[in-house]
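Written below as structure tokens is the structure these notes are about.
The values are calculated or read from the model by the stated rules, or taken from the named source; none is laboratory data. It should be emphasised that the depicted structure is a prediction, and the values quoted were computed from it without experimental measurement. Cβ sites come from the backbone with ideal geometry, for glycine too, and all protein chains shown count toward neighbours. Note: areas computed on protein heavy atoms with side chains; ligands, DNA, RNA excluded. Shrake-Rupley method; radii C 1.70, N 1.55, O 1.52, S 1.80 Å.
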Amino acid sequence: ASFTLLCFRSPLVTPLIFGLLLQAPFTQPSTITQPNFVLLLADDLGIGDVGCYGNDTIRTPNIDGLAKEGVKLTQHLAAAPLCTPSRAAFLTGRYPLRSGMDAINDYRVIFWNAGSGGLPPNETTFAKILQNQGYSTGLIGKWHQGVNCESRNDHCHHPLKHGFDYFYGMPFTLISDCQPTETPEMDRAFRRKLWLSTQMIGLITLTAVLGRLTGLISVHWRTLTCLAGFSLLFFISWFSSYGFVRYWNCIMMRNHGITEQPMVTDRTTSLILRESISFIERNKYKPFLLFLSFLHSHTPLLTTEKFLGRSKHGLYGDNVEEMDWMVGQVLDAIDKEGLRETTLVYFASDHGGWLERKEGERQLGGWNGIYKGGKAMGGWEGGIRVPGIFRWPGVLPAGTVIDEPTSLMDIYPTVVHLAGGEVPQDRVVDGRDLLPLLRGAAAHSEHEFLFHYCGVHLHAVRWHQKDTGAVWKAHYMTPIFSPPGAGACYDRGFCQCFGEGVTHHETPLLFELSQDPSEAKPLSADTEPLFDTVIGKIGRAVEEHRRTLTPVPEQLSVSNVVWKPWLQPCCGTFPFCWCDKEGDN
């Protein structure tokens, strides 16, 4: 700030400051105060789906260009292997169980817009801090952090309550139910059980009525009436939610108002891109934060006709290539407004690709390269290792590759410090400021240990032994693949975090990731002289980490994730919820 005051006081100082900016930009602290931030977060994108991370068949020239012009992280890690908890950690810089945003049950994400769980109002996001620092803050795209708490319009979990001045997008997440031509995806197995139960109850009722009419069964008519009433109520109780998923969950909002219910998927991509570019244009004269949270590449893989059939990897590849094109359009808008040198651009994915997502022979999920596992698997690298790219011309050295453990949680302190804000001191923040590492001023990541959770269950721990460069990883629990040896849980659709779906390792599985990144060869005391030392060191770190955890309300408890009609966002008079306010545009 003192440099800025000097520049105003004396025009003679301006050339000196300009010279300092040009001199040794990669080793000296940046004198650019309050840069713009454009944070690009893909949905379900595998690390193996991007060209600069080794894919030579899906074309991603714009994302690859970011890596060429900036810094590529090869050990960038999500704090959770699913959308809701991973994004909560990204926004708060904290492991999601610290905010109650990870689950003890199988409902590991927010399931309904009309649930009462979500990112607690007492959590401080980086957007809130930047808002207080004078930034214009916008979120375009996916939220998936909840909407309401107690009433339809309290918006306690809404983006505008968490530091964003402007929101346009889905308060929920894309699911196949949003596309009328696709097979329903949400809670598919549970819905089958409900429908089967309804049929059985209906059959029992019909049999009793026929038996009573033919005299074969002696049943009082009052009993039959009660049974028929129960059958009807049972059907209504679940069909009122699951029968209208597209209307309840697949909506688009602008700030607090609903613009489409249900969303018109044919134009979603163009609207999100238009809104993103418009936000940059409207805020080019003051510092801004744009969080573009892509709906790509989550099923049902909304892809415009222009990109259909272009990829060698079917619809999924088409969708990734379209997202890359959108990245290019946003970068062009930054250049057009002359903001290239004052804007830090970041690209990542919220977690690994979804291996099990198939329809027949069609692979609709991503690829995680050489890494074992995928989405929903909290321990294996494929579920949590994601692309991580930073570009800030003149400040970050171009073409740099860093193989140090980093986390999506690190965005929090990095952005906050660059904006001139302070990280909250009244809570544990797990992220670390990445700027010294990105600029080359620090040789190592500040993370010594990283804890890999599946729900609230600790599955694995990573220890970065900085003096040797070794990256040890101990697995306490691993998912049981189905069928055995398949590398994923194809029989279930998702791998479980606990119970019969996991194997508990009394002696942890140990890998040295710098030598075995695919986690193919577990070490033992017979093959690794340091085995006992490493396991002991990691065990003590776990004990210390657990002492920092405090009980908080569970946002993803069953009572919080179930559909509540009185919380349902509605464009109209509930239950007649329908509107299309984008139609004229």
Relative to the longest principal axis of the chain, what angle (0 to 90°, nearest 10) does the C-alpha long axis of helix 221-242 take? 20 degrees
Can you pull the Rg over Rh of segment 188-242, Cα-only, Kirkwood? 1.08
Accessible area (Å², 1.4 Å probe, nearest 10) - LYS521: 150 Å²
What is the angle, in °, between the Cα long axis of helix 531-546 and the longest principal axis of the Cα atoms in the chain? Nearest 10 is fine, range 0 to 90. 80 degrees
Extended-chain gain in nm, criterion 0.36 nm per residue less alpha-carbon gap, THR400 and LEU216: 58.0 nm
Residue by residue, what Karplus-based ³J(HN,Hα) values in Hz, rounded to whole numbers, does segment 126-132 have, using 6.51, -1.76 and 1.60 with θ = phi - 60° and x for Gly and Pro? 5, 5, 4, 5, 5, 4, 5
Too-long pairs where the Cα-Cα distance tops 20 Å, listed order kept, from LYS473/LYS537; LYS286/LYS336; LYS193/LYS372; LYS284/LYS336; LYS128/LYS161: LYS193/LYS372
Grab the beta carbon distance between THR507 and SER559, set R0 = 41 Å, and tell me the FRET efficiency rounded to 0.05. 0.60
Accessible area in the full protein assembly, largest first, 1.4 Å probe, for THR265, THR84: THR265, THR84
Tell me, what is the 1.4 Å probe accessible area of TRP566, in Å² to the nearest 10? 150 Å²
For segment 255-296 and segment 430-492, write down the distance between their C-alpha centroids in whole Å. 33 Å
Residue order for THR92, THR503 - accessible surface, 1.4 angstrom probe, largest first: THR503, THR92
Can you list residues whose amide H is under 5 Å from GLY388's amide H, if they're 5+ apart or on another chain and H is modeled 1.01 Å from N? LEU73
If packing is taken as the mean number of other Cβ atoms within 10 Å per residue, what is the order of 108-120, 409-421, highest first? 108-120, 409-421
Residues whose built amide H sits under 5 Å from the amide H of GLN496, excluding neighbours closer than 5 in sequence, are ILE480
Using 0.36 nm times the number of residues separating GLU422 and ILE104, minus their current alpha carbon distance, what extension gain do you get? 111.3 nm
Additional length obtainable on full extension of the chain from ARG282 to LYS581, 0.36 nm per residue less Cα span: 105.5 nm
I need the calculated FRET efficiency for the pair ARG310 and ILE480, taking r as the beta carbon distance and R₀ as 30 Å, to the nearest 0.05. 0.20
List the residues whose amide H sits under 5 Å from the amide H of THR259, counting only those 5 or more places along or on another chain, with H placed 1.01 Å from N in the peptide plane. MET252, MET253, ARG254
Which ³J(HN,Hα) values in Hz, rounded to whole numbers, follow from the phi angles of segment 145-161 under the Karplus curve 6.51 cos²θ - 1.76 cosθ + 1.60, where θ = phi - 60° and Gly and Pro get x? 10, x, 10, 10, 10, 10, 9, 4, 10, 7, 6, 5, 9, 5, x, 5, 8
Rounded to whole Å², per residue accessible area for segment 188-242 with a 1.4 Å probe reads 72 Å²
FRET efficiency for TRP566 and SER197, Cβ-Cβ distance as r, R0 = 22 Å, nearest 0.05? 0.30
Modelled label-to-label distance, LEU160 and ILE204, 7 Å Cα→beta-carbon offset: nm? 4.8 nm
For the chain, the spread of Cα positions along each principal axis, largest first, Å: 104, 69, 50
Tell me the label-point distance for the pair GLU361, ASN255, using the 7 Å Cα-to-Cβ offset, in nm and rounded to one decimal. 5.2 nm
If you plug each phi of segment 471-483 into the Karplus form 6.51 cos²θ - 1.76 cosθ + 1.60 with θ = phi - 60°, what whole-Hz ³J(HN,Hα) values come out, in order, with x for Gly and Pro? 10, 8, 9, 10, 9, 8, 9, 9, x, 8, 5, 9, x
Mind checking the angle between helix 13-22 and the chain's longest principal axis? C-alpha axes, 0 to 90 degrees, to the nearest 10. 70 degrees
For the pair PHE244 and GLU150, how long in nm is the line joining their label points, each one 7 Å along Cα→Cβ? 2.5 nm
Descending accessible area (1.4 Å probe), largest on the left, turns VAL461, VAL558 into VAL558, VAL461
